[in-house]
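Participant: Below you will find the structure I want to go over with you.
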Amino acid sequence: MSIKGQAYIVGAFEHPTRMAPEKSSPQLHAEVARGALADAGLSKDDIDGYFCAGDAAGLGPLSMIDYMNLKVRHADSTEFGGSSYLAHVSHAAQAIAAGKCNVALVTLAGRARSEGRSGTKPRVVGSPGPEAVWDSPFRPATINMYAMCARRHMHEFGTTSEQLAWIKVAASQHAQYNPNAMLPKVVTVDEVINSPFVSDPLHRLDCCVVSDGGGAVIVTRPEIARSLKRPLVKVLGAGEAIKGTGGGDIDLTYCGAKVSGPIAFAEAGVKPADIKYAGIYDSFTITVLMQLEDMGFCAKGEGGKFVADGNLISGVGKLPFNTDGGSLCSSHPSNRGGMTKIVEAVRQLRGEAHPAVQVKNCNLAAVNGIGGMLAARHGSATLILERE
Amino acid sequence: MTTSTIPGPDVNDPIAKEFYAAAATGKFLVRKCTACTRAHWYPRAVCPFCFSDKTEWAEGSGKARIYSHSTMASKADPFTIAYVTLAEGPTMLTHIVDAGEVHIGMDVALTFRQADNGVAIPMFAPVK
Ligand SMILES: [Zn+2]
């Protein structure tokens, strides 16, 4: 059974906050749920399916469903790190198609900034995995693991820091129009490559922001979607993949999108060349580059040339991406950027992005998330969305 | 580049206990499968390639080559994380120590460093 056309995203909301020490993480979850419901024109009692990931406190769905006092008949806590929410949309579409729920709420929220969590510190998520006893002595922070992917990409394909910098430049060109963006200032390639190394070859400006905040989407069946007063954003295809360390058979030149991307495009029946807007997980510049290649927007190794000279800038290049400024410039709530990629893609498909960055005739979007560690075990989830 | 502090691993896993007990005596063990003959990393009781439970320890040569690396730009606490490909086949996460310039393809050799809880940790240094 395909999910093609079986479900629509009818509500999408990102919390405007970037710093919320006065609010709890569950409160932020509830606030983004309220925002998405208001956006959809639905009410809390309409929700009968709920999805959350590791950013949800306590026992995930049990704690959050209780906190919000939801009455659901379907729940899912698939945890693929920051890519979880794309998989949740896909799983919600599957559940809706199977008759398990009608209106699914997906939430993400957290306070990485006020809690002082950052990509230069060792990551602690849940209980230690079997790899911890082998990896933890080497202090795999987030940044140095992604930096090793960048180093290997440069070695194999001649990718340059200048090329990676274009990804940040494009994000900053978009962020200037987002009043909530943490980094609204436009930056140049020179500014990126002259910013200090955090873990070489990645500079400070190759990194995303650390922010508080969150987001939510609501997924529902076609009949309900058509009864609402919002533009129709259809789920056309989805794919997911987990890439690990292969028992030591390590190849850092590709990511899970090499698997999840083609699955999603095949289900949707479209090609990368058909895509008008791309929401690409941007924890670091290198993350974007590898997904673009692996999703098939360019050949493997050609990502550096593809992103250069403003090719990702709306109104300038061929593949506008992350027009809210993305995680590189706007927000990265709970150190998880998947939800905000979906939310901005929905805005684009509805024609509700900022006029300065709105893509003309934006009828088809691809969104990809990478969660976990790009250089080790990570999840990749792809969505293809269509404006009907 | 030196490693100033090494967080000691919490060694509860039975396979890890054997590995780190050998490391304490200066031995670097690599886990091999007798069914498919391949070595893997990190060590497991069940082979991650053929799923056989016929895995055993072999003493590693300690020879490796740098696959990728990155140095944290902290003046107080710089360290170089790396993936190195062992002569036995698998690639493992480690640190490069006692090195000036580091590059992909560089030959490195095993050296143990003590973690803050006394556990001996396998790291690699350039072959002089
Ligand atoms: Zn085997």
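The values are calculated or read from the model by the stated rules, or taken from the named source; none is laboratory data. This one's a predicted model, so the numbers in the text were calculated from it and none came from an experiment. For neighbour counting, all protein chains shown are included, and Cβ atoms are generated from backbone atoms with ideal geometry for every residue, glycine included. Calculation scope for accessible area: heavy atoms of the full protein, side chains included, ligands and nucleic acids excluded. Shrake-Rupley method; radii C 1.70, N 1.55, O 1.52, S 1.80 Å.
Participant: Of all residues in the stretch B:74-90, count the ones that are more than 11 Å from chain A (Cβ to nearest Cβ) and either in a strand (DSSP E or B) or under 29 Å from residue B:27 (Cβ atoms) (or both).
Facilitator: Qualifying residue count for the region: 1.
Participant: May I ask you to say which residue of A:181, A:216, A:170 is in a strand (DSSP E or B), open to solvent by less than 20 Å² (accessible area, probe 1.4 Å) and away from chain B (no Cβ under 14 Å)?
Facilitator: Just one listed residue meets the conditions, A:216.
Participant: Can you confirm whether residue B:78 is under 17 Å from residue A:140 (Cβ atoms) and open to solvent by 20 Å² or more (accessible area, probe 1.4 Å)?
Facilitator: Yes: the conditions hold for residue B:78.
Participant: Within the stretch B:37-52, does at least one residue satisfy the condition of being closer than 29 Å to residue A:204 by Cβ, at the interface with chain A (Cβ under 9 Å from one of its Cβ atoms) and touching a Ser or Thr at 6+ places or on another chain (Cβ under 6 Å)?
Facilitator: no
Participant: Of all residues in the stretch A:219-268 being without any contact (Cβ under 8 Å) to a residue 12 or more places away in the chain and assigned to a helix (DSSP H, G or I), which is farthest from residue B:38 (Cα to Cα)?
Facilitator: Here the residue is A:227.
Participant: Further, regarding this structure: What are the residues in the stretch B:61-73 that are within 8 Å of another protein chain (Cβ to nearest Cβ), in contact (Cβ under 8 Å) with a residue 12 or more places away in the chain and either within 16 Å of the ligand (Cβ to nearest atom) or not in a strand (DSSP E or B) (or both), if any?
Facilitator: Of everything in the stretch B:61-73, nothing turns out to be within 8 Å of another protein chain (Cβ to nearest Cβ), in contact (Cβ under 8 Å) with a residue 12 or more places away in the chain and either within 16 Å of the ligand (Cβ to nearest atom) or not in a strand (DSSP E or B) (or both).
Participant: Conditions first: (1) within 14 Å of another protein chain (Cβ to nearest Cβ); (2) under 27 Å from residue A:212 (Cα atoms); (3) surrounded by 24 or more Cβ atoms within 10 Å (Cβ to Cβ). Residue A:118 passes all but one, so which condition is the exception?
Facilitator: The failed condition is (3).
Participant: Name the residue that is surrounded by the most Cβ atoms within 10 Å (Cβ to Cβ), counting only residues in the stretch B:92-107 that are under 19 Å from residue A:154 (Cα atoms) and either within 7 Å of chain A (Cβ to nearest Cβ) or out of contact with any strand residue (DSSP E or B) (no Cβ under 8 Å at 6 or more places or on another chain) (or both).
Facilitator: B:104
Participant: With more than 19 Å from residue A:144 (Cα to Cα), touching a strand residue (DSSP E or B) at 6+ places or on another chain (Cβ under 9 Å) and open to solvent by less than 10 Å² (accessible area, probe 1.4 Å) as the only criterion, which of B:110, B:86 stands out?
Facilitator: Selected residue: B:86, the only one of B:110, B:86 that is more than 19 Å from residue A:144 (Cα to Cα), touching a strand residue (DSSP E or B) at 6+ places or on another chain (Cβ under 9 Å) and open to solvent by less than 10 Å² (accessible area, probe 1.4 Å).
Participant: Looking at A:195, A:227, can you tell me which residue is more than 14 Å from every other protein chain (Cβ to nearest Cβ), of a type in the set (Ser, Thr, Tyr) and open to solvent by 10 Å² or more (accessible area, probe 1.4 Å)?
Facilitator: Step by step, each of A:195, A:227 is checked, and only A:227 is more than 14 Å from every other protein chain (Cβ to nearest Cβ), of a type in the set (Ser, Thr, Tyr) and open to solvent by 10 Å² or more (accessible area, probe 1.4 Å).
Participant: When residue A:106 is evaluated against the numbered criteria (1) within 14 Å of another protein chain (Cβ to nearest Cβ); (2) under 24 Å from the mean Cα position of the chain (by Cα), which criterion, by number, is the only one it fails?
Facilitator: Unmet for residue A:106, out of (1) within 14 Å of another protein chain (Cβ to nearest Cβ); (2) under 24 Å from the mean Cα position of the chain (by Cα): (1).
Participant: Right, something else. Being outside any loop (DSSP other than H, G, I, E, B), within 7 Å of chain B (Cβ to nearest Cβ) and not charged (D, E, K, R) is the filter here; which residues of the stretch A:133-155 pass it?
Facilitator: Within the stretch A:133-155, A:133, A:134, A:136, A:137, A:138, A:144, A:147, A:148, A:155 qualify.
Participant: Kindly indicate the residue of the stretch B:1-28 that is facing chain A (nearest Cβ under 9 Å) and in contact (Cβ under 8 Å) with a residue 40 or more places away in the chain and also farthest from the ligand (Cβ to nearest atom) among those meeting that condition.
Facilitator: B:5
Participant: Of the residues A:372, A:303, A:296, A:269, which single one is closer than 28 Å to residue A:185 by Cβ and small (Gly, Ala, Ser)?
Facilitator: Going through A:372, A:303, A:296, A:269 in turn, the sole match is A:303.
Participant: Considering only the stretch A:335-360, how many residues are within 12 Å of residue A:85 (Cβ to Cβ), open to solvent by less than 10 Å² (accessible area, probe 1.4 Å) and assigned to a loop (DSSP other than H, G, I, E, B)?
Facilitator: Total satisfying the criteria: 1.
Participant: Tally the residues that are open to solvent by 60 Å² or more (accessible area, probe 1.4 Å), in contact (Cβ under 8 Å) with a residue 40 or more places away in the chain and more than 16 Å from the ligand (Cβ to nearest atom), restricting the search to the stretch B:29-60.
Facilitator: Summing the residues that are open to solvent by 60 Å² or more (accessible area, probe 1.4 Å), in contact (Cβ under 8 Å) with a residue 40 or more places away in the chain and more than 16 Å from the ligand (Cβ to nearest atom) in the stretch B:29-60 gives 0.
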